[in-house]
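Reviewing the structure listed below.
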Amino acid sequence: MDNQTILVCKNIVKKFGPVNALNGVDFEVRRGEIRGLIGENGSGKSTLTSIMAGMQKATSGSMEYKGKVWNPDTMAYAQEQGVCMILQEAATIKGCTVAENIYAGRMSEFSRFGIISVRKMIKNAQELLDSFGIKNIKASDVVDRYSFEDRKMIEIVRAMSSEPEILIVDETTTALSFDARELFYGLIKKLTEKNKAVIFISHDMNEILEHCTDLTVLRDGDIIGHLNREEMNLPGAPEKIRFMMVGREIGDAYYRSDFDPSHENEIALEFENVSVGKIKDFSLKLHKGEIIGLGGLSGCGMRLIGRAAFGQEKLNGGKVMRNGNVIDSPLTAIRNGIGYISKDRDTEALILSASISENITLPSLDSLSEHTFIDPRKEKALVKKEVERYLIKCNSPRQTVSTLSGGNKQKVSFAKWTAKDSDVLIMDCPTRGVDIGVKQSMYAFIAQMKKDGKAILLISEELSELIGMADKILILKDFAVSKEFLRSADLSETDIIGYMI
Amino acid sequence: MEGIKKDKNMQNSFGKVMAYMKSHISDVAAYAGLILCVTVFSVTSGGRLWSSYNISVLLESVCVYMIVALGALFVYSMGYMDISVGSQMGVYCLLIILIVNATGSLILAFAVVLALTLLCGAFNGFVAVWLKLPSIVTSLFLMFVFGGLQMLIIESTGQNSISVNLSLSIMLEPWFILISIVIVAAVVFYFFNFTKLGKYTKSIGANELATAQCGVNTTKWKVIAYMVFGVCVAIGTMFLLARTGSAGKSTGSSYAMDVMLSLILGGMPLSGGMKSKVRSAIIGSFTYALLSNGLIISGVDINMVYIIKAAVFFIVVAISCREKGVFLPR
């Protein structure tokens with residue numbers, strides 16, 4: 001394979017005020033490679049790639065693309081020139097058809113005398129979708145009809161159809177369903193066969209190890225090292241990479257160390273023949289000191305069960321019970337000691353414009369209030385305890401949550417419920433978008449909660465997390481439980497995966 | 001050597017001040033606006049601004065703006081609004097006059113008005129949630145209803161305006177006004193900063209979904225916030241009537257917008273949320289009252305006053321609302 005260089009970054013520095021996001025990074029992209037970029041949140045992966053793709057400018061340093069100076073002003077220009085980036089967040093245009101989205105900015109290809117042939121555009125778009133093997137999306141439909149995952153696929157098709165020289169993928173796969181992921185891996189493989197390059201940002205170690213040809217590890221704005229394919233195949237590679245990312249030994253104590261699935265006999269939360277959405281007749285008993293994991297592909301209904309447990313969904317039948325009380329609203333849930341950590345951290349779990357203190361105390365205000373009066377000293381004491389418990393990195397509890405890193409934000413959403421002293425916790429993807437260091441401490445907190453007799457419903461898309469943490473795992477498929485597993489040291493992802501698909 | 005160090009320190013603290021100014025731009029703009037108004041009008045009015053007569057006139061107008069704006073704070077901090085207060089206040093003035101003239105009881109009149117404001121508050125809060133309407137729609141509806149009522153009542157009297165047969169001059173004594181606004185401001189300050197009401201309304205304004213997930217019955221607190229606003233509207237109406245002594249077709253009509261402008265001048269983001277502060281209502285109503293009063297005593301043509309107000313308003317908004325995100329209420 002021809003290994004010629006396509007893009008070179010020299011001594012790239014990026015400053016955000018006093019903070020250095022990148023301190024003089026040298027980076028090369030070669031044809032035919034799938035270059036993995038891995039690092040903790042804030043290590044500079046997204047900053048580096050967004051500079052390449054014209055989203056922002058470097059503070060200093062230079063770039064060369066196809067032998068010429070590269071200094072793109074906008075993403076549109078970069079895309080035109082063949083450097084295309086797919087972002088973490090959805091970027092389809094609402095209210096437009098799939099075809100219009102795919103050809104956004106390039107509609108002149110279908111115009112004659114200023115009139116765009118919609119029919120031709122839709123036909124072309126449909127052919128494109130078909131050629132990628134995407135069967136469930138129709139080019140003439142309005143994008144709003146499709147789920148987040150499908151819209152992500154439409155974005156990928158849009159990026160692919162412009163035939164980029166370099167495709168940058170920023171943590172897109174976490175949003176994709178299992179089938180779509182496989183499809184996507186196939187697509188980027190095809191790109192490399194055509195001698196193009198792919199830069200692949202992900203938090204998912206397995207994914208990186210499986211699909212990348214090269215790997216670059218970043219930490220605190222510096223490149224720590226590179227691994228080639230052979231090095232990635234070595235046993236012990238994941239440990240080595242983790243060490244490079246965090247800068248210290250993570251150790252074995254990542255997940256729970258015990259394999260004892262025992263728990264107390266008292267029932268903490270019970271689903272009695274619950275029917276909600278497409279889920280029919282779901283029953284479950286969650287005991288004190290027990291962690292029950294719910295797994296499956298996204299869209300299998302596991303999130304719905306979590307929402308129902310917190311009284312956020314209207315049930316079509318059955319009931320959710322705790323201590324003899326029916327849980328039918330977040331208010332009754334909280335009054336009965338249930339806490340809920342939403343997957344949508346920034347839109348549901350936290351008030352970004354509020355301070356750490358305001359976020360942590362919000363569920364507890366009801367109990368802090370004495371004859372209408374909420375004592376600021378009590379609030380302060382409560383917040384101090386939680387900030388210390390979770391080691392939330394901040395200048396002061398009055399700091400706005402939006403300024404925190406992903407991991408620290410997630411700590412705040414945990415702290416809300418420990419401050420409230422909730423006995424039942426429903427966690428929907430609690431470690432999503434959180435880096436390894438924080439993840440490890442999250443797992444330690446969850447294990448401690450179990451020891452303290454809390455009941456936990458852990459909903460996760462990561463099988464390794466469920467295997468590592470749960471006493472019992474329920475796998476859902478098409479809105480029904482397809483299999484139950486008990487905690488055991490022998491359980492592996494391959495045992496489970498067949499029941500998901 | 002030492003000199004350089006000192007210089008650096010100076011630069012550092014200057015940088016800090018600038019950073020503070022930048023992050024508190026709306027507060028800074030609000031204070032600057034008030035100070036600017038005071039200094040400019042002190043000069044242009046040739047000292048008349050500080051005459052004891054003018055100060056008492058100023059106090060009379062400030063107190064209506066401030067009491068209503070303090071109540072409005074709870075509603076606006078949720079990112080909601082109420083544009084019906086103006087016509088509501090017009091009708092309430094007429095009702096108070098009619099009731100007082102018929103029965104002689106001011107307390108009865110106040111009780112009736114208070115009941116009506118609470119009802120309207122509940123309507124605004126509850127119906128908006130129930131029918132999933134933006135709050136502007138329900139308050140528009142109320143604005144038209146009350147506008148119509150005002151016409152009907154005044155037509156039925158057969159006069160252009162009616163006067164109250166009771167002296168309310170005690171309410172215009174400076175000490176009475178001062179005590180009243182201090183009490184209202186203190187009560188609002190307490191409820192806004194130290195109770196669930198204020199904390200919840202700010203949270204609702206910042207992120208309603210997250211607030212609901214913390215077990216807050218958002219509907220209930222919306223209704224309560226609107227009702228608290230109603231109480232302040234009732235009190236403000238009493239002071240308005242004390243000032244005018246009579247009421248006609250257009251009494252009160254400008255107050256909905258006046259209150260909104262006062263809050264904006266005070267640095268309040270109309271999208272509500274965590275940056276809502278009690279001082280916005282206090283500073284804003286002073287600035288707004290000063291603007292109207294100062295321009296007139298400075299001899300500016302009354303027809304120009306609106307244009308100048310518009311220009312000031314535009315400048316303040318342009319400075320204080322440069323932050324990202326939504327500024328307008330829902």
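The values are calculated or read from the model by the stated rules, or taken from the named source; none is laboratory data. As the structure is a computational prediction, the values presented were derived from the model and not from experiment. Neighbour counts run over all protein chains shown; Cβ positions are idealised from the backbone, glycine included.
Below, the figures for the structure above:
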| read-out | value |
| --- | --- |
| Output for the stretch A:352-381, where each listed residue is β-branched (Val, Ile, Thr), facing chain B (nearest Cβ under 10 Å) and closer than 18 Å to residue A:334 by Cβ | A:361, A:374 |
| Candidates A:218, A:209, A:269, filtered to the one that is in contact (Cβ under 8 Å) with a residue 24 or more places away in the chain, surrounded by 12 or more Cβ atoms within 10 Å (Cβ to Cβ) and either among the acidic types (Asp, Glu) or not in a strand (DSSP E or B) (or both) | A:209 |
| Whichever residue in the stretch A:396-413 is over 28 Å from residue A:37 (Cβ atoms) and more than 13 Å from every other protein chain (Cβ to nearest Cβ) and, among such residues, is surrounded by the fewest Cβ atoms within 10 Å (Cβ to Cβ) | A:396 |
| Filter result for residue A:311 (outside any helix (DSSP H, G or I), in contact with a helix residue (DSSP H, G or I) (Cβ under 9 Å, 6 or more places away or on another chain), modelled with pLDDT under 90 and over 21 Å from residue A:469 (Cβ atoms)) | no |
| The lone exception for residue A:330 - which of (1) within 13 Å of another protein chain (Cβ to nearest Cβ); (2) more than 27 Å from the chain's Cα centre (by Cα) it fails | (2) |
| Out of A:90, A:99, sole residue that is modelled with pLDDT of 85 or more, closer than 24 Å to residue A:185 by Cα and surrounded by 14 or more Cβ atoms within 10 Å (Cβ to Cβ) | A:99 |
| So residue A:434, is it surrounded by 23 or more Cβ atoms within 10 Å (Cβ to Cβ) and either modelled with pLDDT under 90 or within 11 Å of chain B (Cβ to nearest Cβ) (or both) | yes |
| Criterion violated by residue A:184 - all others in (1) surrounded by fewer than 21 Cβ atoms within 10 Å (Cβ to Cβ); (2) of a type outside the set (S, T, N, Q); (3) modelled with pLDDT of 85 or more; (4) closer than 22 Å to residue A:53 by Cβ satisfied | (1) |
| Candidates B:294, B:267, filtered to the one that is over 12 Å from residue B:72 (Cβ atoms) and touching a Leu at 6+ places or on another chain (Cβ under 7 Å) | B:294 |
| Selected residue (criterion: nearest to residue B:238 (Cα to Cα)) from residues of the stretch B:88-103 that are of a type in the set (S, T, N, Q) and more than 15 Å from the chain's Cα centre (by Cα) | B:101 |
| Scan of the stretch B:228-271 for residues that are outside any helix (DSSP H, G or I) and closer than 19 Å to residue B:318 by Cβ, ordered by number | B:266, B:267, B:268, B:269, B:270, B:271 |
| Among the candidates B:273, B:294, B:267, residue that is small (Gly, Ala, Ser) and within 14 Å of chain A (Cβ to nearest Cβ) | B:273 |
| Residues of the stretch B:193-214 satisfying the condition of being of a type in the set (A, V, I, L, M, F, W, C), surrounded by fewer than 24 Cβ atoms within 10 Å (Cβ to Cβ) and farther than 15 Å from residue B:79 by Cα | B:194, B:212 |
| Qualifying residue in the stretch B:22-31 (condition: loosely packed, with under 12 Cβ neighbours inside 10 Å and either part of a helix (DSSP H, G or I) or at pLDDT below 75 (or both)) | yes |
| Extreme residue, farthest from the other protein chains (Cβ to nearest Cβ), among residues of the stretch A:333-346 that are in a strand (DSSP E or B) and over 23 Å from residue A:393 (Cβ atoms) | A:338 |
| Filter result for residue B:218 (more than 14 Å from chain A (Cβ to nearest Cβ), β-branched (Val, Ile, Thr) and either surrounded by fewer than 24 Cβ atoms within 10 Å (Cβ to Cβ) or under 30 Å from residue A:426 (Cα atoms) (or both)) | no |
| Residues of the stretch A:280-308 satisfying the condition of being assigned to a helix (DSSP H, G or I) and touching a Leu at 6+ places or on another chain (Cβ under 8 Å) | A:302, A:305, A:306, A:308 |
| Selection status of residue A:71, out of contact with any helix residue (DSSP H, G or I) (no Cβ under 9 Å at 6 or more places or on another chain) and part of a strand (DSSP E or B) | no |
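Table: residues versus (1) in contact (Cβ under 8 Å) with a residue 12 or more places away in the chain; (2) among the polar types (S, T, N, Q); (3) assigned to a helix (DSSP H, G or I).
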{"site": "B:140", "(1), (2), (3)": "yes, no, yes"}
{"site": "B:185", "(1), (2), (3)": "yes, no, yes"}
{"site": "B:191", "(1), (2), (3)": "yes, no, yes"}
{"site": "B:199", "(1), (2), (3)": "no, no, yes"}
{"site": "B:215", "(1), (2), (3)": "no, no, no"}
{"site": "B:226", "(1), (2), (3)": "yes, no, yes"}
